[in-house]
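Data first, discussion second: the structure below is written as structure tokens.
Laboratory data are not the source of any read-out in this text; all were calculated from the coordinates shown. These numbers come from a predicted model, not from an experiment. As a convention, Cβ positions derive from the backbone with ideal geometry for all residues, glycine included, and neighbour counts pool all protein chains shown.
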Amino acid sequence: MKYSYHPLPQSYVEILSVRNYFHLVVVGKDPFPTAPTGIPFCKPSWPEQRKRNGSGFFVLKSIGVDIDAALRAYSAPAGLFYSLAAQGIAFLNCSYHFLDANALPKKDHRYVDMALATNEPIIRNAQNVVLCGEAKILNEKISEIGCFQDVVHPDPTNRKFRNKEWIETWSENSLQQRFNLKLWP
């Protein structure tokens with residue numbers, strides 16, 4: 001399964017490419033190991049998206065998404081993520097190849113470099129960029145960006161080891177309040 005490729009869907013890229021400003025960009029390391037949709041932090045179904053053992057649930061709650069209202073409004077989580085993109089909230093990965101590693105070894109930096117063709121224009125048009133865990137590599141890859149914020153990855157297992165940092169970023173409405181996000185229903 002190592003290095004399986006899950007790029008952003010073209011329709012998602014098209015929404016992102018017409019925007020010239022993003023309130024928030026959340027960057028993960030690589031696609032989910034199971035059931036990736038191509039959109040970072042997005043699962044293919046609501047039952048999977050609502051599971052509290054994955055990162056996506058906590059990312060959405062932190063930016064202020066009412067999951068129950070989103071479930072009523074969108075037949076699948078992807079609809080919500082497209083709506084958020086239209087509102088100036090984007091989700092990216094450092095690599096669109098599943099790397100199957102806890103860290104980001106030097107040999108895998110080529111996948112980060114390949115993803116920059118898509119990611120860098122979006123990041124350069126962002127007011128705030130949250131780099132989750134190993135995504136902090138972008139500090140080295142993209143120069144002169146003052147809006148990067150390195151945070152603990154939203155994976156709930158990180159809560160056990162870095163509880164205070166995890167809660168500061170991933171508790172309900174944390175990022176919404178930090179960045180004054182106003183979401184449409």
Can you compute the charge dipole magnitude of the chain about its Cα centre, using +1 on each Lys and Arg Cβ and -1 on each Asp and Glu Cβ, nothing else charged? Give it in debye, rounded to the nearest 20. 320 debye
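Where Lys and Arg each count +1 and Asp and Glu each count -1, what net charge lies around A126 among other residues with Cβ under 11 Å from its Cβ? Present the calculation step by step, with values, prior to reporting the outcome.
On the way: positive: R19, R124; negative: E120.
In short, +1.
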How many angstrom lie between the Cα centre of the stretch 116-173 and the Cα centre of the stretch 15-94? 15 Å
In nanometres, the difference between 0.36 nm per residue of separation and the alpha-carbon distance of E165 and L183 is 4.1 nm
Is it possible to state the helix-based mean residue ellipticity at 222 nm for the chain, with each DSSP H run of 4+ residues giving -39500 (n - 2.57), the sum divided by total residues, to the nearest 500 deg cm²/dmol? What is it? -10500 deg cm²/dmol
Fewest to most neighbouring Cβ within 10 Å: what's the order for D68, D108, D155? D68, D155, D108
Pick out, from I67, P9, G38, the residue whose Cα sits farthest towards the positive end of the charge dipole of the chain, with +1 on the Cβ of Lys and Arg and -1 on the Cβ of Asp and Glu. I67
Given R₀ = 35 Å, FRET efficiency for R124-R52 by Cβ-Cβ distance, to 0.05? 0.55
Within-10-Å neighbourhood charge of P77 [Cβ basis; K, R +1; D, E -1]: +1
When a/c is below 1.5 the answer is rounded, else prolate if a/b is larger than b/c, else oblate, so apply that to the chain with a ≥ b ≥ c taken from the square roots of the Cα gyration tensor eigenvalues. rounded
Report the paramagnetic label zone for R110: residues of the stretch 1-40 whose backbone N is under 11 Å from a point 7 Å from Cα along the Cα-to-Cβ axis. none
